[in-house]
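See below for the structure under consideration.
The values are calculated or read from the model by the stated rules, or taken from the named source; none is laboratory data. Note that the structure is a prediction, hence the values are computed from the model and not measured. Don't worry about glycine lacking a Cβ; one is built from the backbone with ideal geometry, like all the others, and counts go over all protein chains shown.
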Amino acid sequence: MSKIDEKEIKRRFEVISRFEPSPEVTVRDLERARDNLIERTTDWQKRQQNIWRIIMKSKITKIAAAAVIIVAVILGLTITGGPDIASVTWAEVIEKVEQIPALSFDMTTEITYPGNEKLTIQSENYVAGDYGTKSSLYMNGEVFVVKYRLPNKNLAYIIRPKDKTYMCIDLSDEQPAKGQDTDDPRTWLKMILSGDYTKLGHKTIDGIEVEGIESNTSGIAGKDTIMRLWVDIETNLPVRIEVEGQKMEAGEKRPHRFLTENFQWNVGLDESIFEPNIPPDYKMKER
């Protein structure tokens with residue numbers, strides 16, 4: 001962002017010093033410009049005062065020049081970005097998303113094996129407070145698992161289309177408290193915002209201006225987990241969640257990375273999305 005320094009302000013005074021409007025116009029423009037400067041946000045007040053000091057101490061006698069240059073400075077501040085851009089109100093993020101009854105999102109899970117070999121799993125996910133959750137997991141473009149979690153029925157299903165098998169799990173003894181389901185990204189949000197975090201500043205994701213924070217915590221990916229949250233500065237709604245940590249895989253701790261994005265907040269979801277509809281030729285497997 002470019003800035004107008006004192007030297008440039010003085011130069012503009014000299015350029016426009018030849019103008020000589022009527023006293024009435026001069027006073028009107030001077031006061032109008034000064035009022036506009038005062039109305040700027042507090043972040044700019046010190047800068048405005050410096051500009052005003054330069055104007056008032058200038059050796060140029062034509063007051064008209066002062067009025068014109070103040071207007072030029074105002075325009076310059078507007079063109080070069082003006083005050084700092086808006087920031088996320090972090091305390092309101094959880095409160096806002098918990099009022100949303102249904103959402104969808106995509107997740108990419110990356111697991112690193114010895115020799116730096118990586119396994120990538122992608123998923124399409126749906127969450128509705130009235131019905132539960134559904135996740136379709138893909139590898140190499142094919143669905144290999146579909147998971148349903150239906151707290152209202154105290155049931156969960158894990159369906160494997162390729163094998164034509166499924167599992168039905170009773171949630172009566174293990175159903176998490178409402179809002180603590182790890183299939184719901186709001187659980188991740190609570191973990192990130194519940195403790196200390198570091199602000200990451202602003203950037204653009206998919207054309208959306210976002211602000212981020214980072215938290216080092218023991219989370220659902222294991223101990224020493226790094227969690228990052230990026231939130232739309234206009235809507236206060238999450239745009240991306242990144243989680244990096246260690247997780248048990250085949251009896252060993254392996255690096256896991258989760259990328260949650262493409263959120264659709266407050267989307268309309270039909271109950272039929274959460275109906276397993278298991279084909280009759282699928283065989284049930286014991287847990």
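Residues being over 27 Å from residue 112 (Cα atoms), modelled with pLDDT under 90 and within 19 Å of the chain's Cα centre (by Cα) are represented in the stretch 195-217 by at least one member.
Which residues, taken from the stretch 167-187, are modelled with pLDDT of 65 or more, outside any helix (DSSP H, G or I) and either within 21 Å of residue 96 (Cα to Cα) or touching a Cys at 6+ places or on another chain (Cβ under 6 Å) (or both)? Listed by number, the residues that qualify are 182, 183, 184.
Somewhere in the stretch 147-157, is a residue surrounded by 15 or more Cβ atoms within 10 Å (Cβ to Cβ), over 25 Å from residue 270 (Cβ atoms) and in the same structural domain as residue 265 (by TED's automatic domain parsing)? No: the stretch 147-157 contains no residue that is surrounded by 15 or more Cβ atoms within 10 Å (Cβ to Cβ), over 25 Å from residue 270 (Cβ atoms) and in the same structural domain as residue 265 (by TED's automatic domain parsing).
For the stretch 68-107, taking the residues that are under 13 Å from residue 185 (Cα atoms) and among the charged types (D, E, K, R), the one that is modelled with the highest pLDDT is identified as 106.
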